[in-house]
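Participant: Here it is, the structure, as structure tokens.
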Amino acid sequence: MTSADQSTPAQPPARRARRADAERNRAAIIEAAGVVFAEQGCAVDVREIARRSGVGMGTLYRHFPAKDDLLITVLEREVTSWLTAAHEAAAATEDPWEALTGFFEQALTHQARNRALVESYTATGAPSRVCARHRDAFIDELRVRCASAGLLREGVTTADLVLLSTSLSQTVQAADDSHPGQWRRLLRISLDGLSSRNTEPLPEPGPRADPPVSGD
């Protein structure tokens, strides 16, 4: 028997067509969900996503049995795309301080345009653990660059910067409807406190809270 005889037989045309239809439907659902989640937030009715994507509810649930499955897929794609662009922007920026401040500016601008994204950062710190790991690693790179150049206040840690990012996300969510852009003022105030011009020692960080014990 030749290797050609042992190769996997080609799928029938009808099966290939069904598979292509399924892939198109999945892509349409994700694209529509990205727009709807950005506009209306995490609590949106999935029927609106199905309507905008042009598929039935049965098709939507075949691809995403739970709304959270779809939400995480959309937000992970959004964050991955944004972090890729942020890495490129930071790499092209020679000034470490400008790279760090640019990261915060870009991150919050991005969140201000996406209601579900800012809700996710405010509620849990990140859309998923994968997103959190990638973001935290990037923040650490920016912190090390600034600290090595003598531009960052003594004692500022990566954990400080991650918590600051989450706190400013809450500001975006709380103030942007009533005071659009207010977060920009608070960002500038916060960044000024990170500068090495401030020589007063920082307070020691408090002890980390123990995670809740199951059954309590």
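Every read-out reported here was derived from the displayed coordinates using simple, explicitly stated rules and does not represent laboratory data. If you're wondering where the values come from, they're calculated on a predicted model, not measured in any experiment. With ideal geometry, Cβ positions are generated from the backbone for all residues, glycine too; neighbour counts draw on all protein chains shown.
Participant: Measure nothing fancy, just the Cα-based angle from helix 13-40's long axis to the longest principal axis of the chain, in degrees from 0 to 90, nearest 10.
Facilitator: Helix 13-40 and the main axis of the chain meet at about 30 degrees.
Participant: With equal scatterers on the alpha carbons only and no solvent term, can you work out the Debye log10 of I(q)/I(0) for the chain at 0.10, 0.11 1/Å?
Facilitator: Cα-only, vacuum Debye calculation for the chain: -0.59, -0.68.
Participant: Then there's this: Would you calculate, for the chain, the mean residue ellipticity at 222 nm contributed by helices, counting each DSSP H stretch of 4 or more residues as -39,500 (n - 2.57) and dividing by all residues, to the nearest 500?
Facilitator: -22500 deg cm²/dmol
Participant: Counting pairs of alpha carbon atoms under 8 Å apart in space and at least six apart in sequence, what relative contact order in percent does region 74-199 give?
Facilitator: Numbers: 107 pairs, mean separation 36.6, N = 126.
Normalised by residue count, the contact order of region 74-199 is 29 percent.
Participant: Using only the Cα atoms of region 74-199, each taken as one equal point scatterer with no solvent, compute I(q) by the Debye sum, divide by I(0), and report log10 of the ratio at q = 0.21 Å⁻¹.
Facilitator: -1.29
Participant: Okay, moving on. Angle, helix 67-91 long axis vs. longest principal axis of the chain, Cα atoms, 0 to 90°, nearest 10?
Facilitator: Rounded to the nearest ten degrees, it is 50.
Participant: How far, in nm, would the chain grow between Glu204 and Phe138 when pulled straight, counting 0.36 nm per residue and subtracting the alpha carbon separation?
Facilitator: Details: separation 66, 0.36 × 66 = 23.76 nm, distance 2.40 nm.
Contour length minus Cα-Cα distance gives 21.4 nm.
Participant: Moving to a separate point now. On average, how much area does the Cα convex hull of region 35-104 cover when viewed from any direction, in nm²? All intermediate terms of the calculation are to be shown ahead of the outcome.
Facilitator: Values: hull surface 22.6 nm².
With every direction weighted equally, the projected area is 5.7 nm².
Participant: Here's something else I'd like to know. Answer with one residue from Asn198, Val36, Val130: the one whose Cα lies farthest towards the positive end of the charge dipole of the chain, charges on Cβ with Lys, Arg +1 and Asp, Glu -1.
Facilitator: Working it through, the farthest residue towards the positive pole turns out to be Val36.
Participant: Could you give me D for region 14-65, from Stokes-Einstein at 10 °C and 1.306 mPa s, where the hydrodynamic radius is the Kirkwood radius over C-alpha pairs? Units µm² s⁻¹, please.
Facilitator: Approximately 141 µm²/s, per Stokes-Einstein.
Participant: Tell me, what is the FRET efficiency for Thr166 and Arg52 to the nearest 0.05, using R0 = 30 angstrom and their Cβ-Cβ distance as r? All intermediate terms of the calculation are to be shown ahead of the outcome.
Facilitator: Working: r = 30 Å, r/R0 = 1.02.
My answer for the efficiency is 0.50.
Participant: Report, to the nearest 10°, how far helix 129-148 tilts away from the longest principal axis of the Cα atoms in the chain, using its own Cα long axis and a range of 0 to 90°.
Facilitator: Relative to the chain, helix 129-148 is tipped by roughly 30 degrees.
Participant: While we're on this one: Express in whole angstrom the spacing between the alpha-carbon centres of region 99-113 and region 25-86.
Facilitator: With region 99-113 and region 25-86 each reduced to a Cα centre, they are spaced 23 Å.
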